[in-house]
Amino acid sequence: QVQLVESGGGLVQPGGSLRLSCAASGITFSMYVMGWYRQAPGKQRELVARIFSSGNTIYADSVKDRFTISRDNAKNTVYLQMNSLKPEDTAVYYCHSRRATFDYWGQGTQVTVSS
């Protein structure tokens with residue numbers, strides 16, 4: 001059974017930092033493209049960042065130079081380091097894994113940026 005379990009969300013002030021983690025089980029982690037998506041109230045889910053098996057990364061323009069995605073294949077875990085957080089970063093953040101036709105989601109973790 002595939003599981004993606006996110007952690008690290010919470011309430012943070014503008015300008016603060018958080019690190020999200022996503023622990024995967026039931027997949028050959030190193031072979032999967034891993035990503036973070038987010039969904040704010042009333043908005044569509046959007047891609048935040050993605051990391052390939054090669055280690056290459058892509059980012060949404062809105063988070064470039066503020067967020068960093070990384071992976072530890074030995075721990076089957078993907079991370080999202082979020083710095084200089086803004087109120088508009090408030091959303092539920094979801095971990096995602098993909099390989100060919102196999103596609104899995106985590107349950108999400110809430111990130112709230114507010115003073």
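Quick look at the numbers
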quantity	calculated
Sites Val33 and Ser7 - FRET efficiency at Förster radius 25 Å, r taken between beta-carbons, to 0.05	0.75
Virtual spin-label span in nm between Lys43 and Asp103, 7 Å along Cα→Cβ	2.2 nm
For segment 3-14, Karplus couplings with θ = phi - 60° (6.51, -1.76, 1.60), whole Hz, Gly/Pro x	9, 10, 10, 8, 8, x, x, x, 9, 9, 7, x
Lysines with Cα under 25 Å of Lys86, excluding same-chain neighbours fewer than 8 positions away	Lys43, Lys64
Extension reserve of the Ser84-Phe52 stretch, reckoned as 0.36 nm per residue once the Cα distance is removed	9.1 nm
Most to least packed among 103-113, 85-95 [average Cβ atoms within 10 Å]	85-95, 103-113
Net charge of Cβ neighbours under 15 Å - reference Arg98; Lys, Arg +1; Asp, Glu -1	+3
Within segment 36-52: backbone nitrogen closer than 18 Å to the Ser62 label point (7 Å, Cα to C-beta)	36-50
Scaled radius of gyration (Cα, divided by 2.2 N^0.38 Å) that the chain gives	1.00
Selection from Val48, Phe29, Gly10, by position along the positive dipole direction of segment 9-112 (Cβ)	Phe29
Cα-based radius of gyration of segment 5-72 once divided by 2.2 N^0.38 Å, which approximates compact folds	1.19
Per-residue ³J(HN,Hα) for segment 53-65, Karplus 6.51 cos²θ - 1.76 cosθ + 1.60, θ = phi - 60°, Hz, x for Gly and Pro	4, 6, x, 5, 10, 9, 9, 5, 4, 5, 10, 4, 6
1.4 Å probe accessible area per residue over the chain, in Å²	53 Å²
Carbon plus sulfur fraction of accessible area for the chain, probe 1.4 Å, in percent	46 percent
Dipole magnitude of segment 28-114 about its Cα centre (Cβ charges: Lys, Arg +1; Asp, Glu -1), debye to nearest 20	120 debye
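The values are calculated or read from the model by the stated rules, or taken from the named source; none is laboratory data. Predicted model only: the values in this text are computed from it and were never measured. All Cβ positions, glycine included, derive from the backbone under ideal geometry; neighbour counts span all protein chains shown. These accessible areas exclude ligands, DNA and RNA; they are computed on the full protein's heavy atoms, side chains included. Shrake-Rupley method; radii C 1.70, N 1.55, O 1.52, S 1.80 Å.
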